[in-house]
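Colleague: A single structure is presented below for examination.
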Amino acid sequence: MWTLIGLLLGTVHVAFAAVYLYLTWFHGYWTKRGLVTAKPLTLLGSYPGLFGGGSSFIEDIGKIYNKYKGKQRAVGTFLTRKPQILVLDPQLAHEVLVTKFSDYRDTVTSSYVTHSKDDYDKYVARNPFFSAGDEWKKRRTDGGAGLTPNRLKQAYAIWEQTGEMLVNYMQRCIEERHSNIIETRDLCYRYTAQAMGDFIWGIDAGSLSGSPNETSSFQRFSMNWVSHAFLSMPRFNRTPIAPIVRKLFRMRFFTQESNDFYLKLTRDAAKLRQSGCGGERSDYLAHLMQLQEKGASLDDLVGHALTVLMDGFETSAAVLYHMLYTLGACPEQQEKLRSEILNALAADKHISYEQLNALPYLDQCINESMRMTSVIGFFIKICTRPTTIDLGNDKILKVEPGITVAIPSYQLHHDETYFPQPDEFRPERFDNGAASEFTKRGCLLAFGDGPRICLGMRVGLLNVKMALLRILSEFKVEQTKKLSLSSDSGLGMYLNGDVDLRYTRIKLSK
Ligand code: HEM
């Protein structure tokens, strides 16, 4: 009997020792290579928040960043047992993203859908953000060709019309509800749903024309689609050491229902356009039709359309409502921005595409707002060929292919070394075009940088700028309550709760 118990206990001990060894086997990886290591937890590695450890990924990165910044250019960390490098020096971030891009061509998200790319998650796999190697290059080139300044200039009337619809909707909302407080998260989603439905498929999404108490089916569907996709991100972030789990559980970003919905929408829109309807338009659908003529499949068209919708709808709206919220507590900056806008607007409220893009203070306010609330708060790149990192003090670190490198953009954006009083909204930091200098120094990465810089930056900015132009030229914006910011271990930092802002019509003296 005692022998049996002894044997059992022995087996349990050996099993525990094996698991312990498995989890900690690589924990000496960085020390052996001369890189200072942020001490990992046995089970959860350096980022316990990913596994429900009471914090978020961005907060966990922040703890390590604050402990080692200024002392090291980078530190070694572990995603459970998988070695990762956390960049602390913005110049090194610039090196990874720009000057040594060929050594870090892929992004960690490009490894997320390899198990399902030809099958159930075929549309997300067509997004450059989720693609690697030559496929990434092709998708980026094909998709990006429909987002050039020239194309956006030709499609500019879509944004002018959507901007007009936005302020009319706001006025209706105020009158019908007898209140000038509008929940602004919903407002911004209505606006981006309308603009993107029109630009991508040539449809009227109906999100700004119906009653304020109703949500159009396109907006509702797109909201559910994007929420599912974004909420899936933490699940994928948790599984890099056992990617087999993704296959076993058929993990996916886009549901089958949404795949079917957008496939039908794209097929119908393409058929209508082929029949000559809207043939004069120079929108994204026109670009998709050109791709089809060159041999792109219907699935490719859906993939490109959803790439634009994802950030054209969600990320752009997030940037916009964070910005309106921030301006709502900064009357001085709001007034300065309003003056710039009113001076630029012609009597008929018209402004050209070029003029809109040449308003310096508007750019500064957007850069400052994106610095403060970074809706994408970190990037993780993959080393794709052997390279080195100069750690300083004559130490050179060899980096092997497959090693991931995290760039903590949220922390860089909030580091007082680069941005004194980082929690204050001070667009004047970017006077005289300073934003591009900050980006070159690796400190301001709101759209990333280098060959994988945001593909839709111009569309995102156009969305945000047109809405701000129209709202601020007609309404004064004020906060009604303070909201907290938090991160869900997905990609970025978001405001919590309803973004109730007060909009008061301004009386123009002109
Ligand atoms: C204002 C809104 C937007 C913000 C703040 C934003 C931010 C970013 C950031 C920070 C990255 C770099 C991620 C990384 O390096 O890992 C990125 C990449 C990307 N963005 Fe955006 N984005 C916005 C709008 C858009 C829009 C409208 C599109 C539509 C085409 C888009 C499509 C993409 C794609 C496809 C990538 C991946 C690029 C690649 O890996 O080659 N984004 N975005």
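The values are calculated or read from the model by the stated rules, or taken from the named source; none is laboratory data. Computed from a prediction, not measured in an experiment: that's the story for all the values here. Here the Cβ is made from the backbone with ideal geometry for all residues, glycine too, and neighbour counts use every protein chain on show. Ligands, DNA and RNA are excluded from the accessible area calculation, which covers all protein heavy atoms including side chains. Shrake-Rupley method; radii C 1.70, N 1.55, O 1.52, S 1.80 Å.
Colleague: Over what distance in Å are the Cα centres of region 293-315 and region 141-177 separated?
Modeller: So the two Cα centres are separated by 18 Å.
Colleague: If one puts a single equal scatterer on every Cα of region 148-280 and applies the Debye formula without solvent, what log₁₀ I(q)/I(0) results at q = 0.14, 0.20 Å⁻¹?
Modeller: Computed log10 I(q)/I(0) values: -0.81, -1.16.
Colleague: Here are some pairs, 32/247; 153/349; 71/465; which of them have Cα atoms lying more than 28 Å apart in this structure?
Modeller: Working: 32/247 34 Å; 153/349 17 Å; 71/465 39 Å.
Distance filter (> 28 Å) returns 32/247; 71/465.
Colleague: Want the number for residue 336 to residue 177: 0.36 nm per residue separation, take away the alpha-carbon distance, what's left? All intermediate terms of the calculation are to be shown ahead of the outcome.
Modeller: Numbers: separation 159, 0.36 × 159 = 57.24 nm, distance 3.00 nm.
Here the segment from residue 336 to residue 177 would lengthen by 54.2 nm.
Colleague: Taking the Cα of residue 145, stepping 7 Å toward and past its beta carbon, and measuring to each backbone N in region 249-275: which are under 19 Å?
Modeller: 270, 274
Colleague: Additional query: With θ set to phi - 60°, apply the Karplus curve 6.51 cos²θ - 1.76 cosθ + 1.60 along region 262-272 and write out the HN-Hα couplings as whole Hz, x wherever there is a Gly or Pro.
Modeller: Working through the residues one at a time gives 6, 5, 5, 4, 5, 4, 5, 5, 5, 4, 4 Hz.
Colleague: Two decimals, Cα atoms only, Kirkwood Rh: what is Rg/Rh over region 339-464?
Modeller: Numbers: Rg = 18.1 Å, Rh = 16.9 Å.
Here Rg/Rh amounts to 1.07.
Colleague: Just to confirm, what accessible area per residue do you get for the chain at 1.4 Å probe, in whole Å²? Write down the numbers at each step before the final one.
Modeller: On the way: 22290 Å² over 510 residues.
Averaged over the residues of the chain, the accessible area is 44 Å².
Colleague: Counting only protein heavy atoms and using a 1.4 Å probe, what share of the accessible area of region 246-402 belongs to carbon plus sulfur, as a whole percent? Write down the numbers at each step before the final one.
Modeller: On the way: 3700 of 6820 Å².
Looking at region 246-402 in its full context, I get 54 percent from C and S.
Colleague: Now for a different question. Put a dot 7 Å past each Cα toward the Cβ at residue 247 and residue 394; how far apart are the dots in nm?
Modeller: 4.8
Colleague: Something else about it: How much mean residue ellipticity at 222 nm does the chain get from its helices, if each DSSP H run of length 4 or more adds -39500 (n - 2.57) and you divide by all residues, to the nearest 500 deg cm²/dmol? Don't skip to the answer; put the middle values down first.
Modeller: Working: 20 runs with 238 residues, N = 510.
Result for the chain, helices only: -14500 deg cm²/dmol.
Colleague: Taking the Kirkwood radius as the inverse of the mean 1/r across Cα pairs, report the Rg/Rh of region 378-434. Walk me through the numbers before you get to the answer.
Modeller: Values: Rg = 16.3 Å, Rh = 14.2 Å.
Answer for region 378-434: 1.15.
Colleague: To one decimal place, what orientation-averaged projected area in nm² is obtained for the convex hull of the Cα set of region 244-323? Let's see the in-between values first.
Modeller: Details: hull surface 31.2 nm².
Average of the hull's projected areas for region 244-323 equals 7.8 nm².
Colleague: Still on this model: By average Cβ neighbour count within 10 Å, what is the ranking of 381-387, 75-81 from highest down?
Modeller: Details: 381-387: 17.7, 75-81: 23.0.
Highest-to-lowest ranking by the protection proxy: 75-81, 381-387.
Colleague: Report, as a whole number in µm² per second, the diffusion coefficient that Stokes-Einstein gives for region 257-402 at 37 °C and 0.692 mPa s using the Kirkwood radius over alpha carbon pairs. Please report the intermediate quantities before stating the final value.
Modeller: Details: Rh = 20.1 Å.
Diffusion coefficient, whole number: 163 µm²/s.
Colleague: Can you work out the Karplus-derived ³J(HN,Hα) for every residue in region 405-416? Use 6.51 cos²θ - 1.76 cosθ + 1.60 with θ = phi - 60°, whole Hz, and x for glycine or proline.
Modeller: Listing the rounded values in order: 10, 8, 10, x, 4, 4, 5, 4, 5, 10, 7, 5 Hz.
Colleague: Taking all protein chains together and a probe of 1.4 Å, list 445, 7 from the most accessible to the least accessible. Before the final figure, lay out each step's value.
Modeller: On the way: 445 5, 7 115 Å².
Solvent-accessible surface, decreasing: 7, 445.
Colleague: Pop out the ³J(HN,Hα) list for region 333-347 in order, Karplus 6.51 cos²θ - 1.76 cosθ + 1.60 with θ = phi - 60°, rounded to Hz; leave Gly and Pro as x.
Modeller: 5, 4, 5, 5, 5, 4, 4, 4, 5, 5, 5, 7, 6, 6, 4
Colleague: Report the FRET efficiency, 1/(1 + (r/R0)^6), for residue 502 and residue 350, where r is their Cβ-Cβ distance and R0 is 22 Å, rounded to 0.05.
Modeller: On the way: r = 28 Å, r/R0 = 1.26.
Efficiency, rounded to the nearest 0.05: 0.20.
Colleague: Hey, another quick one. Skipping prolines and chain starts, which residues have an amide H placed within reach, meaning under 5 Å, of the one on residue 399, given they are 5 or more residues away or on another chain?
Modeller: Placed amide hydrogens put 387, 388, 389 under 5 Å from residue 399.
Colleague: Pairs of alpha-carbon atoms within less than 8 angstrom and 6+ residues apart define the contacts here; what relative contact order does region 392-467 have, in percent?
Modeller: Values: 26 pairs, mean separation 17.1, N = 76.
Computed over region 392-467, the figure is 22 percent.
Colleague: Can you return the aspartates and glutamates within cross-link range of residue 476? Criterion is Cα-Cα under 13 Å, with same-chain partners fewer than 8 residues away left out.
Modeller: Of all the aspartates and glutamates, those that pass the test against residue 476 - Cα under 13 Å, at least 8 places apart if same chain - are 332, 335.
Colleague: Using a 1.4 Å probe on the protein chains only, how many percent of the accessible area of region 76-209 belongs to carbon and sulfur? Mind showing how you got there, number by number?
Modeller: Values: 2200 of 4550 Å².
Carbon with sulfur: 48 percent of the solvent-accessible area.
Colleague: On the Cα set of region 32-176, report Rg and Dmax in Å, please.
Modeller: Radius of gyration, then largest Cα-Cα span, for region 32-176: 21.7, 68 Å.
Colleague: Can you tell me the Rg and Dmax of the chain, counting just the alpha carbons, in angstroms?
Modeller: Spelled out, the Cα radius of gyration and Dmax of the chain are 24.4, 98 Å.
Colleague: If a/c stays under 1.5 just call it rounded; otherwise compare a/b with b/c (prolate if a/b is bigger, oblate if not). Do that for region 219-271, with a ≥ b ≥ c from the square roots of the Cα gyration tensor eigenvalues. It would help to have the intermediate numbers written out before the result.
Modeller: Working: a/c = 3.79, a/b = 2.12, b/c = 1.79.
Prolate, because a/c is 1.5 or more and a/b exceeds b/c.
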